[in-house]
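Since the structure comes first, as structure tokens, the remarks are kept for the end.
The values are calculated or read from the model by the stated rules, or taken from the named source; none is laboratory data. Since the structure is predicted, the reported quantities are computational estimates derived from the model, not experimental observations. In this analysis, Cβ positions are derived from the backbone assuming ideal geometry, glycine residues included, and neighbour counts consider all displayed protein chains.
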């Protein structure tokens, strides 16, 4: 275990620098979005979507959409696929990628996931009428599109109660529309999260969790949440991040495998000028590996 945390520390020092990527509030429910080293070992396959609409008080508010899924071939080999689109004002980034995850059974219900990701990325400047002081002299003109291959890696340590994620999902392309630096290791964002399940009983579970973003040259950023699952049906919780943004979450976990979760967040403290509320909505379906005894009912034939 000490070697695992040593690896985390070295990764932070070597790779984290200068630019942040997207941040989601429902990170505990969607670790596959930011960690190529995780495919839910408790389900055979899943399909998931998440939409985030941010800072509604702004004219050109950011919008982020994810569609992803996974498939477990067996207890060791898993694959995931992800499509994401991140629009921030006039800048749009598209990703289409796939990951391979190798799972190692450590015993005592612990699973170590090691993953690598490869995919296609495209950056676009949708409106190129940016100016430099003088509106009559455009600084940028023409079609600005940057296409490149990207790679990522990640590791996960999970059990029935504990989950730890450390990932570098974007090794390349972390500079704004700069093809000459597409394949430079600088400007990586390192994602790290930890969560723990506190089981009072099977009908009331507490999920404290935290997410951290490490980027050199910027201030530390993190999110802290406490969620609850009641009656194996109702999901709710609240959290706060280091920028004093408060969020609240509510959702339903259906026995059929469907899950719908909604999150709202906003800044309420006077020290931070609010940019408007943000909304996050996710819809998921997963097929559990566990056998459902009510899935098929057998009856005995008899004669009258």
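Per the listing 186, 160, 200, the residue uniquely exposed (fewer than 14 other Cβ atoms within 10 Å of the Cβ), in contact (Cβ under 8 Å) with a residue 40 or more places away in the chain and more than 26 Å from residue 268 (Cβ to Cβ) is 160. Looking at (1) in contact with a strand residue (DSSP E or B) (Cβ under 6 Å, 6 or more places away or on another chain); (2) at positive phi, find the lone condition where residue 242 falls short. Every condition holds for residue 242 apart from (2). Being at negative phi and either crowded, with 19+ Cβ neighbours inside 10 Å or touching a helix residue (DSSP H, G or I) at 6+ places or on another chain (Cβ under 9 Å) (or both) is a description that applies to residue 174.
The residues of the range 60-80 that are part of a strand (DSSP E or B), free of Cβ contacts under 8 Å to residues at least 60 places away in the same chain and under 20 Å from the mean Cα position of the chain (by Cα), listed by number, are 63, 64, 65, 66, 67, 68, 69, 70, 71, 78, 79, 80.
The requirement of being modelled with pLDDT of 90 or more, in a helix (DSSP H, G or I), within 12 Å of the chain's Cα centre (by Cα) and closer than 26 Å to residue 285 by Cβ is fulfilled nowhere in the range 81-97; no residue meets it.
Of the strands (runs of 3 or more DSSP E) lying entirely inside the range 156-244, those carrying at least 2 residues that are under 25 Å from residue 110 (Cα atoms) are 162-168, 190-196, 198-201, 204-214, 221-230.
Okay, residues lined up against (1) modelled with pLDDT of 90 or more; (2) surrounded by 13 or more Cβ atoms within 10 Å (Cβ to Cβ):
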site: 242; (1), (2): no, yes
site: 248; (1), (2): yes, yes
site: 262; (1), (2): yes, yes
site: 277; (1), (2): no, yes
site: 292; (1), (2): no, no
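The criterion of being closer than 25 Å to residue 144 by Cβ, at pLDDT below 95 and in contact with a helix residue (DSSP H, G or I) (Cβ under 9 Å, 6 or more places away or on another chain) holds for residue 22.
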